[in-house]
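Engineer: Quick one: this structure, given as structure tokens, is what I'll be asking you about.
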Amino acid sequence: MTKKPAKRKSLFPSPKNVRFSHLISTLEKFANENDNLQFSLREAKGSHTVIKFTLGDYKWRYTVPRPHGGKNKVLPVYIRKINKMIWEIEDVIASLEDTSEDENNGDSP
């Protein structure tokens, strides 16, 4: 019998209650915790904001509509997709760290 994969930790455990300002500040904090990860925001047409992460040759980009019409929370569907993007970034960071550790271990006599 195979084990169930471990549930991944989410930056936003409750996707229904995330304010746009909290989303941006949390993503900035995530980028600052990872040395080579660059984070940028760009205002797109209308009420959309483009979130972009860059790590070497890897790039992730996602467009999120800013809440408007008296609302201040981002729709849960966008938060779930951002969580998946963050997990992909974490996987790439982990694989890059594993690769660099393997290279370092192979160099020593």
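The values are calculated or read from the model by the stated rules, or taken from the named source; none is laboratory data. Being a predicted model, the structure only gives us computed values, none of them experimental. Note: ideal-geometry Cβ built from the backbone for every residue, glycine included; neighbour counts use all protein chains shown.
Engineer: State all residues of the range 52-84 that are of a type in the set (A, V, I, L, M, F, W, C), surrounded by 15 or more Cβ atoms within 10 Å (Cβ to Cβ) and part of a helix (DSSP H, G or I); if no residue qualifies, say none.
Structural biologist: The answer is Ile79, Ile82.
Engineer: Of everything in the range 61-92, what is hydrophobic (A, V, I, L, M, F, W, C) and within 21 Å of Pro13 (Cα to Cα)? Give them in sequence order. Can you show your working first?
Structural biologist: Keep residues of the range 61-92 that are hydrophobic (A, V, I, L, M, F, W, C), which gives 64, 74-75, 77, 79, 82, 85-87, 89, 92.
If the condition is that a residue be hydrophobic (A, V, I, L, M, F, W, C) and within 21 Å of Pro13 (Cα to Cα), then Val64, Val74, Leu75, Val77, Ile79, Ile82, Met85, Ile86, Trp87, Ile89 are the ones that fit.
Engineer: Would you be able to tell me the number of residues in the range 1-18 that are surrounded by 13 or more Cβ atoms within 10 Å (Cβ to Cβ) and either at pLDDT 95 or above or not hydroxyl-bearing (Ser, Thr, Tyr) (or both)? Full working, then the answer.
Structural biologist: Filtering the range 1-18 down to residues surrounded by 13 or more Cβ atoms within 10 Å (Cβ to Cβ) leaves 10-12, 15, 18.
This time we only want the ones that are either at pLDDT 95 or above or not hydroxyl-bearing (Ser, Thr, Tyr) (or both), so: 11-12, 15, 18.
Total meeting the criteria: 4.
Engineer: Does any residue of the range 38-52 turn out to be touching a Pro at 6+ places or on another chain (Cβ under 6 Å) and either more than 17 Å from Leu11 (Cα to Cα) or of a type in the set (D, E, K, R) (or both)?
Structural biologist: The first filter runs over the range 38-52 and keeps only residues touching a Pro at 6+ places or on another chain (Cβ under 6 Å), leaving 47-48.
Now restrict to residues that are either more than 17 Å from Leu11 (Cα to Cα) or of a type in the set (D, E, K, R) (or both): 47-48.
Looking for residues that are touching a Pro at 6+ places or on another chain (Cβ under 6 Å) and either more than 17 Å from Leu11 (Cα to Cα) or of a type in the set (D, E, K, R) (or both), one finds at least one in the range 38-52, hence yes.
Engineer: Right, something else. Would you point out the residue of the range 41-51, among those that are free of Cβ contacts under 8 Å to residues at least 12 places away in the same chain and part of a strand (DSSP E or B), that is farthest from Leu27 (Cα to Cα)?
Structural biologist: Here the answer is Glu43.
Engineer: Continuing with this model, one more query. Is one or more of the residues making up the range 24-40 in a strand (DSSP E or B), surrounded by 13 or more Cβ atoms within 10 Å (Cβ to Cβ) and not acidic (Asp, Glu)? Break it down into steps so the answer makes sense when it comes.
Structural biologist: The first filter runs over the range 24-40 and keeps only residues in a strand (DSSP E or B), leaving 38-40.
From what's left, surrounded by 13 or more Cβ atoms within 10 Å (Cβ to Cβ): 39.
With not acidic (Asp, Glu) added as a condition, the list becomes 39.
Among the residues of the range 24-40, at least one is in a strand (DSSP E or B), surrounded by 13 or more Cβ atoms within 10 Å (Cβ to Cβ) and not acidic (Asp, Glu), which makes the answer yes.
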